[in-house]
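Trainee: Could you have a look at this structure, given as structure tokens, before my questions?
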Amino acid sequence: MGIIQPAARLRPRAEPSEPAEAGALTVDLSAIAHNWRTLAGLAGRAECGAVVKADAYGLGLPPVMRALLTAGCRTFFVANIIEGEAARTLSPEATIYVLDGIAPGLAHRLVDANLTPALGSLSEIDEWAAMGRALGRKLEAALHFDTGMNRLGVPISEAAEAALRARDIAPTLVMSHFVSSQLPDAPRNARQIEAFLDARARFAEVPASMANSSGVFLPQRPHFDLIRPGYALYGGNPTPYAESPMRRVARLHARILSTREIEAGARVGYDGLWTATRPSRIATLGVGYADGVPIAATALEGKPGGEALVGGARCPFVGRVSMDYTMLDVTDAPREAAQRGEWAELLGDSISVEELAARAGVIGYEILTRLGGRYARRYIGA
Ligand SMILES: *Cc1c(COP(=O)(O)O)cnc(C)c1O
């Protein structure tokens, strides 16, 4: 007691591979390639593209896009010009669609990076046509039709006018987006397909695309000429009504920074939201909401929160998730695993992205895209 030992005497030195970061994200690139091939197989004669917006759903655009290129993917979708420019540096040849369309006055940036906008309004068609006239050629574009989302896209009522104005551009795709493709019984899916067929009829020679990840699995199989999966590539379940047909991609581990024994009646974390009902062992993980652990995964009275795996045992979050820390009740975990310096699993084989999302009342897409910038990132299976 009272004698301070050098840390190296108490614990063996960390493995050389041990990250200094308190959180570690492992991305399985071979699982992404496998998922792409699975979807391409389901698409039959239709081409399988890949949506890589938002930094490939938070998993890292460069390694993910390289893995998809190696798997054979040739058509990519990003949200905006900045993402498109980043994608272009990774492939001089790929077709890269920009889903946002043209921001006013920025058509030249799309031309410079050879990006293909998804035009979602008559004024965007006009702007792209004008840029083409200035360059002396018809510029390629996707025409995005709104069949019910009321978000982006030319309204179906303007399809005739769009077809007229599109004579001054070179459409390479007509597309629309589902509102509820994760609900196979939703009647609006069929209504959207019908509306899309109507618009598409005006562009006889142009390839068509409707299906996001869940759309691929709809009973109507609306694959058309090109499918546009994102979430399913990254291990998300495109069929939430059934077991996932996709392979898990992301694994997330957090280091245990500290452990302590507390008495029954003691409280944990900001505002003391959790009270121990028995003598308990508490472990503090070095990741929090700044790393994308949802604060809404906090356990409250009568509402379970998130869980992490420690030595094979499921351990509940206790107390409020804070910026840099998440506390676990590790009383029932194997003692040797519930130790300072050991790692807890937050996402992996037994805890899916959907499970963590459900425990926080959000969706898996949000979990992936909010994975923070402080993780040690490891790419395997390249
Ligand atoms: C994001 C997006 C997709 C991909 O959707 P997932 O559900 O992730 O497969 C496809 N198309 C459009 C227009 C999108 O915005």
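Trainee: Taking 7 Å along the Cα-to-C-beta vector as the label spot, tell me the E366-S157 distance in nanometres, rounded to one decimal.
Mentor: It works out to 3.3 nm between the two label points.
Trainee: Under 1.5 on a/c is rounded, so check that first for the chain, then, if it is not, pick prolate when a/b is larger than b/c and oblate when it is not; a ≥ b ≥ c are the square roots of the alpha carbon gyration tensor eigenvalues.
Mentor: On the way: a/c = 2.64, a/b = 2.14, b/c = 1.23.
The shape class here is prolate.
Trainee: In percent, what relative contact order does the chain have, based on Cα pairs under 8 Å that are 6 or more apart in sequence?
Mentor: Working: 836 pairs, mean separation 67.6, N = 382.
Result for the chain is 18 percent.
Trainee: Ok, one more. If you take the square roots of the eigenvalues of the alpha-carbon gyration tensor of region 29-234 and sort them as a ≥ b ≥ c, do you get rounded (a/c under 1.5), prolate (a/b over b/c) or oblate? Could you put the intermediate results ahead of the total?
Mentor: Numbers: a/c = 1.89, a/b = 1.10, b/c = 1.71.
It is oblate, given that a/c is not under 1.5 and a/b is not larger than b/c.
Trainee: Continuing with this model, one more query. Taking H placed 1.01 Å from N in the peptide plane, check which residues at least 5 places from V174 or on another chain put their amide H under 5 Å from its amide H.
Mentor: Those qualifying (amide H under 5 Å, at least 5 residues apart or on another chain) are L143, A208, S209.
Trainee: Given the rule -39500 (n - 2.57) for each run of at least 4 DSSP H residues, summed and divided by the residues of the chain, what is its mean residue ellipticity at 222 nm, to the nearest 500 deg cm²/dmol?
Mentor: Details: 12 runs with 104 residues, N = 382.
Value at 222 nm, helices only: -7500 deg cm²/dmol.
Trainee: Mind listing which trypsin sites (Lys or Arg not before Pro) in region 44-86 are in a DSSP loop and have 12 or fewer other Cβ atoms within 10 Å? Could you put the intermediate results ahead of the total?
Mentor: On the way: sites: R45, K53, R66, R74; in loops: R45, R74.
Here the sparse-neighbourhood loop sites are R45.
Trainee: Cα centroid distance between region 71-134 and region 237-294, in Å?
Mentor: Cα centroid to Cα centroid, the span is 41 Å.
Trainee: Same structure, new question: Grab the Cα-Cα distance for L257 and S123, subtract it from 0.36 nm times how many residues apart they are, and report the gain in nm with one decimal. Write out the running numbers ahead of the final one.
Mentor: Values: separation 134, 0.36 × 134 = 48.24 nm, distance 5.52 nm.
Stretched out fully, the L257 to S123 stretch lengthens by 42.7 nm.
Trainee: A further question follows. Given a 1.4 angstrom probe, what's the average accessible area per residue across region 96-137, in square angstrom?
Mentor: For region 96-137, the solvent-accessible area averages 43 Å² per residue.
Trainee: While we're looking at this one, here's another question. Near the amide H of L285, under 5 Å away, which other amide H atoms are found, from residues 5 or more places off or on another chain, if H is placed in the peptide plane?
Mentor: Those lying under 5 Å, H to H, from L285 are L257, T326, M327, L328.
Trainee: Need the full-extension length gain, D225 to S350, defined as separation in residues times 0.36 nm minus the C-alpha distance. One decimal, nm. Intermediate results must be reported in sequence, preceding the final value.
Mentor: Details: separation 125, 0.36 × 125 = 45.00 nm, distance 3.58 nm.
Once the chain is fully extended between D225 and S350, it gains 41.4 nm.
Trainee: Next question. If R₀ is 45 angstrom, what is the calculated FRET efficiency for the pair S91 and D332, using the beta carbon separation as r and rounding to 0.05? All intermediate terms of the calculation are to be shown ahead of the outcome.
Mentor: Working: r = 49 Å, r/R0 = 1.10.
Once the sixth-power term is evaluated, E becomes 0.35.
Trainee: So in the chain, what percent of DSSP beta bridges are antiparallel if you round to the nearest 5? Walk me through the numbers before you get to the answer.
Mentor: Working: 29 of 55 bridges.
Given both bridge residues lie in the chain, the antiparallel proportion sits at roughly 55 percent.
Trainee: Using only Cα atoms, locate the centre of region 355-382 and the centre of region 186-201, then give the distance between them in Å, rounded to an integer.
Mentor: Taking the Cα centre of region 186-201 as reference, the centre of region 355-382 is 33 Å away.
Trainee: Could you list the residues of region 213-246 with an amide nitrogen less than 13 Å from a label point located 7 Å from the Cα of M149 in the Cα-to-C-beta direction?
Mentor: 213-215, 228-231
Trainee: Rolling a 1.4 angstrom probe over the protein heavy atoms, how many square angstrom per residue are accessible across region 248-380?
Mentor: Numbers: 6060 Å² over 133 residues.
Using a 1.4 Å probe on heavy atoms only, each residue of region 248-380 averages 46 Å².
Trainee: Going by Cα centres, region 25-40 and region 300-344 are how many Å apart?
Mentor: So the separation of the two Cα centres works out to 29 Å.
Trainee: Residue-wise, which Karplus ³J(HN,Hα) couplings in Hz belong to region 71-86, taking 6.51 cos²θ - 1.76 cosθ + 1.60, θ = phi - 60°, and x for glycine or proline?
Mentor: Result, ordered by residue: 5, x, 6, 10, 10, 10, 10, 10, 7, 9, 4, 4, 5, x, 5, 5 Hz.
Trainee: Pop out the carbon and sulfur fraction of the accessible area of the chain as a percent, whole number, probe 1.4 Å. Don't skip to the answer; put the middle values down first.
Mentor: Details: 9220 of 17740 Å².
For the chain, the apolar C and S fraction of the accessible surface comes to 52 percent.
Trainee: Once label points are set 7 Å from the Cα along Cα→Cβ at both D185 and R66, what is their separation, rounded to one decimal in nm?
Mentor: For D185 paired with R66, the spin-label model returns 4.6 nm.
Trainee: Nearest 10 degrees, 0 to 90: what angle lies between the long axis of helix 187-200 and the longest principal axis of the chain (Cα atoms)?
Mentor: So the helix axis and the longest Cα principal axis differ by about 40 degrees.
The values are calculated or read from the model by the stated rules, or taken from the named source; none is laboratory data. Computed from a predicted structure; not experimentally measured. Cβ sites come from the backbone with ideal geometry, for glycine too, and all protein chains shown count toward neighbours. Accessible surface areas use protein heavy atoms only, side chains included; no ligands, DNA or RNA. Shrake-Rupley method; radii C 1.70, N 1.55, O 1.52, S 1.80 Å.
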